[in-house]
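Just below is one structure, and these are the notes that go with it.
The values are calculated or read from the model by the stated rules, or taken from the named source; none is laboratory data. Quick caveat, the model's predicted, so the values are computed rather than measured. For neighbour counting, all protein chains shown are included, and Cβ atoms are generated from backbone atoms with ideal geometry for every residue, glycine included. With ligands, DNA and RNA removed, areas are computed over all heavy atoms of the protein, side chains included. Shrake-Rupley method; radii C 1.70, N 1.55, O 1.52, S 1.80 Å.
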Amino acid sequence: MDRVAIAGYGIDGFAGDADGRSGVEMLQEASLTAFEEADISIDELDAVSYTGQDTYDGSAISDGQKVMPAGGYRKPFMRIQNGGGTALHQAAATIRSGKADVISIVANDFVEADPNVLSWSSHEALYHRPFGQNHEQSFGLLETSLLEERDITREDLARTAAKNYEAAAENEVAHRREGYTTKDVLESEPIVGPLTELMTVPQSFGAAVIIIVSEEVAKEKDNARAWLTGTGLRTGRYKYRDMSERLKQPNLEKAASAAFQEAGVGIDDIDAAEVAAYSPGLELTSYEALGLCDRDEGTSLVEQGVTASDGSFPVNLSGGPLATSPPSTGGIYRLIAGTQVLEGKLGDKDAERVLVADNDMHLGEPGRTDAVLVLEGGAA
Amino acid sequence: MAEEKVESVTTDEVDSEYKYNFHWDLDFSLNIGEVNRKFFEAMKDKRILGNTCEECKGLFVPPQPICIECYEETDEWVEVEQHGVVESWTVCFREWGDLPEPPYITAAIRIADSEHTMLHFIDDIEYEDHNDLNQKLHKGTEVEPVWAEEREGHILDITHWRPVE
C-alpha cells in the first residue's frame, strides 16, 4: 500500500484564552506555517479536512468562515467531528484512493463558553441530561469504578497526572506548564468522584494544521517529516454498561490492533506514544489496551518512570490532554506532537516509530470513536 | 519611500477586551419515539418497563429500539422488578443549574438484569464527609426507586434511588 507522509504542520497556541485573536486569524497563522514547512503552494492543495465540533465552534456557518484561512476555496472542504485522528485516517484513505495528493487537516478552538454546559448539551437528552451528565461526570463514574475494582489509588492517579505535567513543563506550546507535582494534583479542588481539578483537562485555545501528501509528492519534494504507516478506527457502544469492560477500553485495543496490522508492527516496535487520555485512570488502562503492559501493571510503569519523559517508553511527551486540551484541535496537535518526537523536536527520545491514540471523548465517555495511527521517521 | 519596512498591524496588538459576547436561548423539541414514550407512560403508573432482544434474549432498561449486538428489533416488553444494583457512582462537587446542592451522587444503576445501566441520583445516605461514602456505597449496592408523588412521564418521576435496607 502506498505510504502517506506528514509534510508540514503549524501550531498557534495553546493557552486558556485566544489572546484576543479570532479563530480565522489563528487558523490562518497555523496554515501559512504549515504550507511553508511543507513546501506546498495553495495551487497544489487538493482538499481540506476540518475537524471542528458543533458543540465547540457554534455552527456549520463557521465552516464557511474557515475555508478562507485554510485555503479551501474551490476545493473539497470536508468536516469531521470525531477529531484529528479520524480526520487523518480518512484523509489518508482519500490520498490512497487516488482522489488527492495533498490534503490539509485543520482545526481551531476560539469560542469561549462553559465547557461543562457544552459537554452536557451534547449528552443524551432523555436519560443523561436530567442528571447534569457531562464529560467530567462520565470520567468520574469510570474512575470511581477503577479505584474500587483495581489495586489503584488516588495517589496513583495524581502521580500519573504529575508525570504529564512534568513533560508539559518542557513543551513550549503546552497550556499548563507549571510542572504540577503529585501533591499539587491531590490538593487541587475536588471536582467529581476521585478527580480533582488537575486530574481533569483544561479547555485550551489555539489552532493546528497538518499537511499530508502522497508518497509520490513526498519523494518529489523530499518533504516527509513522518510517514503514516498504519491506521485503525473503531466506534464503541453508547450508554453506560459494564464498567469493568469499559475500563479495559476494548475499542482502543481494536483500533490499535488494526493500526499495528496495517503497519506490520507490534507495540514492541513502538518507541513512544501520544495518548488522548482525558483522566489519569484512562491513561493507566490505555497502557493495557495498547499492549504496553498486563492488567493492573500500569501504575508500575508510572512509578518506575517507564512512561515518563526520560523513560524507555515515554507517553505524552507533549504533556497530553491534561496539560493541553483544545476540544477540536487536540487530535491534530497530538499528531503534530508525535511527528515532533520523531523529528527530535519534542523530548529527548531517539524514536523511529511513534503511536498516536486519539478519540472524541472530549465531550465524555459514553460513546467513543478511537483512531490509532502509527508514524515512522521521515526522509523519503 | 521609507527605507524601513512598516510592519502591518498584527493580531498581537488587538486589545483582548474586544470580544463579541452573545447568548443563545433557543427552544428545542425532540421526538422521543415510540419506545421511549411507552417507557415514560408506564412510569406515570410507577411501573418500570424494559424490552428484550428476541435473538440473544438481552434485556434493556431503559429500553432501546434495537439490540446493538444482534442488530435485531427489540419488540418484546416486560415489566421489571423495582430493584437495581449500583454499577458505578460518583460524587459531584460542582454546582449545576437546578440540580441538587453539591455534593450530590449520580450513579449508573443496573435495573433487573439489564444489559446496560440507567443514570440516576442516589440519596438518603447519611454521611458527614464525602469520603464516608466510600464505606457506604459500592459496586453491587442494592437500591430501590423513590417515586415522586406527582408524575408526568419523565425520568425524574423517580426522584432518586436509595439503598435497600
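A compact table of results
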{"read-out": "First in segment A:227-254 and in contact (Cβ under 8 Å) with a residue 40 or more places away in the chain and within 21 Å of B:ILE66 (Cα to Cα), second anywhere and assigned to a strand (DSSP E or B) and open to solvent by less than 30 Å² (accessible area, probe 1.4 Å), Cβ under 6 Å, 6 or more apart", "value": "A:ARG234/A:ASP370; A:THR235/A:THR369; A:TYR240/B:ALA108; A:ASN251/A:ASP370"}
{"read-out": "Some residue of segment A:304-320 being charged (D, E, K, R) and part of a helix (DSSP H, G or I)", "value": "no"}
{"read-out": "Failed item, numbered, when A:VAL209 is tested on (1) hydrophobic (A, V, I, L, M, F, W, C); (2) surrounded by fewer than 24 Cβ atoms within 10 Å (Cβ to Cβ); (3) not in a helix (DSSP H, G or I)", "value": "(2)"}
{"read-out": "Qualifying positions in segment A:61-99 - crowded, with 19+ Cβ neighbours inside 10 Å and assigned to a loop (DSSP other than H, G, I, E, B)", "value": "A:GLY71, A:GLY72, A:ILE80, A:ASN82, A:GLY83"}
{"read-out": "Where A:GLU216 falls short, out of the listed (1) within 13 Å of another protein chain (Cβ to nearest Cβ); (2) more than 20 Å from the chain's Cα centre (by Cα); (3) in a helix (DSSP H, G or I)", "value": "(1)"}
{"read-out": "Test: residue in segment B:19-38 that is outside any loop (DSSP other than H, G, I, E, B), touching a Pro at 6+ places or on another chain (Cβ under 6 Å) and within 30 Å of B:LEU133 (Cα to Cα)", "value": "no"}
{"read-out": "Selection from segment A:170-188 of residues that are aliphatic (A, V, I, L, M) and touching a residue at least 40 places away in the same chain (Cβ under 8 Å)", "value": "A:VAL173, A:ALA174"}
{"read-out": "Of all residues making up segment A:22-60, the number that are outside any strand (DSSP E or B), open to solvent by less than 40 Å² (accessible area, probe 1.4 Å) and not polar (S, T, N, Q)", "value": "14"}
{"read-out": "Residue in segment A:240-261 that is nearest to the other protein chains (Cβ to nearest Cβ), counting only those that are open to solvent by 30 Å² or more (accessible area, probe 1.4 Å) and outside any helix (DSSP H, G or I)", "value": "A:ASP242"}
{"read-out": "Test: residue in segment A:196-211 that is without any contact (Cβ under 8 Å) to a residue 60 or more places away in the chain, within 24 Å of A:GLU149 (Cα to Cα) and within 23 Å of the chain's Cα centre (by Cα)", "value": "yes"}
{"read-out": "All positions within segment A:338-369 that are among the hydrophobic types (A, V, I, L, M, F, W, C) and either without any contact (Cβ under 8 Å) to a residue 60 or more places away in the chain or over 17 Å from A:GLY311 (Cα atoms) (or both)", "value": "A:VAL356, A:ALA357, A:MET361, A:LEU363"}
{"read-out": "Number of the condition not met by A:ASN82 [criteria: (1) more than 24 Å from A:TYR56 (Cβ to Cβ); (2) of a type in the set (S, T, N, Q); (3) within 19 Å of the chain's Cα centre (by Cα)]", "value": "(1)"}
{"read-out": "Segment A:153-181, subset of a type in the set (A, V, I, L, M) and either touching a strand residue (DSSP E or B) at 6+ places or on another chain (Cβ under 8 Å) or more than 21 Å from A:ALA323 (Cβ to Cβ) (or both), residue farthest from the other protein chains (Cβ to nearest Cβ)", "value": "A:ALA174"}
{"read-out": "Scope segment A:140-151; condition open to solvent by 10 Å² or more (accessible area, probe 1.4 Å) and either under 27 Å from A:ILE332 (Cβ atoms) or more than 14 Å from chain B (Cβ to nearest Cβ) (or both); matching residues", "value": "A:ASP151"}
{"read-out": "Tally of residues being open to solvent by 80 Å² or more (accessible area, probe 1.4 Å) and assigned to a strand (DSSP E or B) across segment B:53-76", "value": "2"}
{"read-out": "Scope segment A:113-133; condition in contact (Cβ under 8 Å) with a residue 40 or more places away in the chain, farther than 16 Å from B:SER88 by Cβ and either touching a His at 6+ places or on another chain (Cβ under 8 Å) or facing chain B (nearest Cβ under 8 Å) (or both); matching residues", "value": "A:PRO115, A:SER119"}
{"read-out": "Those residues of segment B:39-52 which are in a strand (DSSP E or B) and either open to solvent by less than 10 Å² (accessible area, probe 1.4 Å) or on the phi > 0 side of the Ramachandran plot (or both), in sequence order", "value": "B:GLY50, B:ASN51"}
{"read-out": "Close pairs (6 angstrom Cβ cut-off, 6 or more residues apart or separate chains): touching a residue at least 40 places away in the same chain (Cβ under 8 Å) in segment A:30-44, assigned to a helix (DSSP H, G or I) anywhere", "value": "A:SER31/A:PRO69; A:SER31/A:ALA70; A:ASP39/A:LYS221"}
{"read-out": "Within segment B:77-130, considering residues that are away from every other protein chain (no Cβ under 14 Å) and either at pLDDT below 95 or under 18 Å from A:PHE131 (Cα atoms) (or both), the one most open to solvent (accessible area, probe 1.4 Å)", "value": "B:GLU128"}
{"read-out": "Pair list, Cβ under 9 Å, 6 or more apart: segment B:84-97 residue in contact (Cβ under 8 Å) with a residue 60 or more places away in the chain, other residue open to solvent by less than 40 Å² (accessible area, probe 1.4 Å) and of a type in the set (Ser, Thr, Tyr)", "value": "B:GLY84/B:SER114; B:GLY84/B:THR117"}
{"read-out": "Residues of segment A:152-181 classified as part of a loop (DSSP other than H, G, I, E, B) and either open to solvent by 30 Å² or more (accessible area, probe 1.4 Å) or small (Gly, Ala, Ser) (or both), total", "value": "11"}
